[in-house]
Amino acid sequence: MAFCSKCGAQVNDGAQFCPKCGQPTNAASQQQVYQQQYVAQPQEKEHSRMYKMWHSKWNWIAAIVFLIIIVAANMGGGSDTDMLQKEVKKMMVEKMKEKGQTLNITDFTLVHQDGNNYTGLATCTLDGEKLDLDVKVVYDGSSFQAEWAPTAEYQQKALQEGLQELFDN
């Protein structure tokens, strides 16, 4: 048998409260400590770990730097090939316009071969007729020279129909 620490009354073993004054006994406080240690603390530790992980300034800094790198890689000014492709496409349309022809380039791919040399393929319509053009470009870093001609398949058809003079540039 134990005694109440507040009023001194006799308390049965295992009782959580004093029958006289209602004071919690050692058994009640030990059970609370047990609950705090084994029930409440794992949740608090989990919360603390998650809080620290997501609120650590270094994690946020790393995430921001990562996003900046991704955005910069995707929004860069483009490569020389991309810029050159746009300029060659523009020049081809203008040259054909000077000859009185309407050239509409629907797809154009330019590939760097070696040194200053690029080659490409343009899928176009010329005055409504579909054709593919082989394109050769020499680019020195500041200016370019471009030549284009119908692909071999289209040249056969053009020669048969007398259209080759349209592509002499």
* To do: Provide the FRET efficiency to the nearest 0.05 for the Asp82-Asp107 pair, computing r from the beta carbons and using R0 = 22 Å.
  => 0.90
* Asked: So, how do all the Cα-to-Cα distances of region 80-167 break down into 10 Å bins, in percent, from 0 on up?
  -> 17, 51, 27, 5
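Just so you know, all these numbers are worked out from the coordinates, no wet-lab data involved. Because the structure is predicted, anything quoted here is derived from the model rather than measured. FYI the Cβ positions are ideal-geometry reconstructions off the backbone, even for glycines, and counts take in every protein chain you see.
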